[in-house]
Structure formats: structure tokens, C-alpha cells
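As C-alpha cells, the structure follows; a few thoughts come after it.
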Amino acid sequence: MKALLKRLRGVERDIIQAPSEDVADAPFYQPQHNEVAIFEAAWRKRLPVMLKGPTGCGKTRFLEYMAWKLKRPLVTVSCHEDLTSSDLIGRFLLEGDQTVWQDGPLTRAVKVGAICYLDEIVEARTDSTVIIHPLTDHRRQLPLEKKGQEIEAHEDFMLVISYNPGYQTVLKDLKPSTKQRFIGINFNYPTAEIERSIVRNEVPDLPEALLEPLVALGQRARSLKDHGLDEATSTRALVYAANMIAAGLTAQEACQVALINPVTDDTELAEALLEIVRAHFPD
């Protein structure tokens with residue numbers, strides 16, 4: 001493991017997560033269905049995986065957990081509209097009077113056998129998504145056109161992408177030819193029972209008496225999705241609200257700043273959400 005991490009030297013520390021051998025360090029993840037077994041099967045066959053689901057439903061935490069479980073480093077790239085193929089695979093840079101090649105995060109992951117996670121892939125430019133195609137079929141190769149090379153992927157390399165289907169537009173969507181290259185796992189917000197377990201684990205100092213109404217509030221607020229709200233109340237937002245309560249805010253104040261203010265600027269809709277909050281937290 002030390003040798004593997006040494007080979008990863010040079011990868012930006014904010015996008016690399018080294019696997020821990022300690023069970024106590026395992027990222028907390030509460031399975032909803034059979035997603036763990038599906039991912040493990042894809043891993044055994046070295047098939048690329050696509051995670052689909054709304055914002056804040058646990059896709060990234062799931063992948064962190066799977067990287068820990070499989071004992072593989074995780075390289076995460078947050079995709080955006082300015083992300084170029086060179087940002088992923090690398091580029092020539094000037095060092096003094098010499099031109100040197102610097103690998104990008106995808107190239108480094110391919111070489112050392114890490115799991116490379118392209119988060120919100122639909123936000124990336126088209127040329128950035130096209131370069132992953134040779135990695136997603138029997139070839140498992142990454143072409144470096146600027147160097148005139150083709151890199152064979154390490155046997156343990158795995159490519160994972162994610163996106164939120166609710167944000168699909170004509171201009172921002174994956175081509176069917178790209179989607180069909182992946183095993184697809186659908187995610188959604190957890191049941192109330194699982195969500196209670198998640199919030200309790202993430203914020204252990206939240207008073208137990210407030211846990212049930214907070215989760216019930218989240219489940220109720222999601223019914224307003226597509227009725228004025230563009231985005232549903234996420235599990236992440238509930239965890240934020242729980243943290244604010246644990247930090248000393250009243251339940252109503254915490255829900256205002258964590259669940260209402262971030263999702264709407266409409267005063268009438270905000271007031272409707274606030275009424276739901278008051279119904280669950282009267283004081």
C-alpha cells in the first residue's frame with residue numbers, strides 16, 4: 001500500500017483519498033437496496049459504473065465507502081463547464097527552459113489502479129467525455145494524443161461517473177452512446193428509517209427528541225418538489241440542519257438556514273416551507 005501511495009505522489013491532495021486499513025475509519029454508508037453487491041460485481045469484472053440520482057442523496061458517500069471496502073485509492077474530479085480533456089489527461093508545461101509533461105488526475109489513476117470518480121459528468125465539456133470512451137470498453141486504454149501514446153489501464157483501475165438526471169437538458173446530457181458503456185445504479189433519497197440512522201450517525205449530539213421530527217420534515221418537504229421547488233430537500237441538508245441545532249440554534253432557525261434559504265428565493269414558497277417547519281417544531 002505504501003508503494004502505491006508513493007506512486008500517487010503529485011496528485012492534488014484535495015482530490016485523492018487513500019484507503020484506510022482501519023475498520024474504524026470506514027466511511028459510514030447505509031445501503032438502501034443492493035447497490036453494494038452490484039458495485040462489487042462490476043468491480044470484479046472491471047466494468048465502468050454510472051451513479052444516477054438527485055443532489056445530496058449519498059452517491060459520493062457510497063463511492064467513498066466502496067473505495068474503502070475494495071481497498072483502492074479514490075481520485076475525485078468535480079466536473080464543470082470549463083473542464084478540458086487536458087485537465088483530465090495532462091499537458092506539457094514549461095519548467096525553466098524545458099518542456100515537461102505532467103499527468104492529469106485521470107492519467108494518474110489509470111496508471112496506478114485507482115478508482116477515478118468524475119462527479120457530475122454532464123457539466124463537463126463534450127471533448128472531456130469523449131476521451132473516456134476507450135477506457136469503458138474491452139480496450140481499457142487512455143490515448144495521450146499530445147504524446148502519441150496509448151496507456152494500458154492498470155488491472156485495478158475503475159472508472160465511475162455520476163450525474164443528477166433532474167438537471168438534464170438538451171445541451172447538458174450524456175449521449176446514449178456514452179451511457180450504454182456503463183453499468184447504471186439508480187439512487188434516491190432514503191426511507192425515513194434509513195435517513196434517521198444517517199442523521200443520528202452524522203450528528204450524534206443531536207437531541208434524540210428532535211431526530212424524528214427533523215426527518216419527518218424532510219420527507220414532507222420533498223412533496224413540494226415540482227410544485228415550486230426545483231430541488232428537493234436532501235439528506236445532506238437534513239444533516240446540515242441537525243448540525244446547526246447541535247451548535248445551539250433553535251430547530252426553526254436551523255431549518256430556515258439549512259433547508260429553506262438555500263433552495264428558494266420566492267417569499268411565498270419560503271413561507272409555505274416555514275409553515276411545514278413550524279408544524280414539526282412548534283416552539
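Looking only at Cα atoms, what is the convex hull volume of region 94-138 per residue, in Å³? Mind dumping the intermediate values first?
Working: hull volume 5.5 nm³, N = 45.
Measuring per residue, one finds 123 Å³ for the Cα hull of region 94-138.
What's the FRET efficiency of residue 94 with residue 150 using the Cβ-Cβ distance as r and R₀ = 30 Å, to the nearest 0.05? Please list the in-between numbers first.
Working: r = 25 Å, r/R0 = 0.85.
The formula returns an efficiency of 0.75 here.
Going by how many other beta carbons lie within 10 Å of each one, how would you line up 101, 43, fewest first? Display every interim value, and only then the final one.
Values: 101 13, 43 18.
So the residues, fewest neighbours to most, are 101, 43.
In region 192-280, if every C-alpha pair distance is counted and binned at 10 Å from zero, what percent goes to each bin?
Per 10 Å bin, starting at 0, the Cα pair percentages come out as 18, 56, 23, 2.
For a Förster distance of 30 Å, can you work out the FRET efficiency between the beta-carbons of residue 283 and residue 188, rounded to the nearest 0.05? Don't skip to the answer; put the middle values down first.
Details: r = 32 Å, r/R0 = 1.07.
It comes to 0.40.
Cα atoms only, the chain: Rg and Dmax in Å?
21.2, 69
Using a 10 angstrom Cβ neighbour count of at most 10 plus a DSSP loop assignment to flag exposed trypsin sites (Lys or Arg not before Pro), which longest range of the chain is free of such sites?
Details: sites that count: 9, 13, 45.
It runs 46-283.
Could you tally the net charge around residue 250, taking each other residue with its Cβ under 14 Å from the Cβ of residue 250, Lys/Arg +1 and Asp/Glu -1?
Numbers: positive: 278; negative: 253, 283.
Neighbour charge sum, excluding residue 250 itself: -1.
Which percent of the Cα-Cα distances in region 29-183 go past 23 Å?
Working: 4321 of 11935 pairs.
So the pairs more than 23 Å apart make up 36 percent of the total in region 29-183.
Rounded to the nearest 0.05, what FRET efficiency do residue 133 and residue 219 give with R0 = 35 Å and r taken as the Cβ-Cβ distance? Could you check? Spell out each step's value before the answer.
Values: r = 40 Å, r/R0 = 1.14.
The computed FRET efficiency comes out at 0.30.
What is the extension gain from residue 78 to residue 180, computed as 0.36 nm multiplied by their sequence separation minus the C-alpha to C-alpha distance, in nm to one decimal?
Details: separation 102, 0.36 × 102 = 36.72 nm, distance 2.18 nm.
This chain segment gains 34.5 nm when fully extended.
Which value at 222 nm does the chain reach when only helices count, each DSSP H run of 4 or more adding -39,500 (n - 2.57), with the total divided by all residues and rounded to the nearest 500 deg cm²/dmol? All intermediate terms of the calculation are to be shown ahead of the outcome.
Numbers: 12 runs with 106 residues, N = 283.
Rounded to the nearest 500, the figure is -10500 deg cm²/dmol.
For region 79-90, take each phi angle, set θ = phi - 60°, evaluate the Karplus expression 6.51 cos²θ - 1.76 cosθ + 1.60, and give the result in whole Hz per residue in order, putting x for glycine and proline.
6, 8, 5, 9, 6, 9, 5, 5, 4, 8, 9, x
Need the C-alpha centroid separation for region 84-116 versus region 120-148, integer Å.
After rounding, the separation between the Cα centres reads 13 Å.
Would you mind calculating the gained length between residue 261 and residue 102 on full extension (0.36 nm times residue separation, minus the Cα-Cα distance), in nm to one decimal?
Working: separation 159, 0.36 × 159 = 57.24 nm, distance 4.21 nm.
Roughly 53.0 nm would be gained on extension.
Extension gain residue 34-residue 212, at 0.36 nm per residue separation less the Cα-Cα distance, in nm? If you can, show how the numbers build up before the last one.
Details: separation 178, 0.36 × 178 = 64.08 nm, distance 2.57 nm.
In short, 61.5 nm is gained.
Bear in mind these aren't lab numbers, they're just calculated from the coordinates by the rules spelled out. These figures come from a predicted structure and were not determined experimentally. Glycine also receives a Cβ, built like all others from the backbone with ideal geometry; neighbour counts cover every protein chain displayed.
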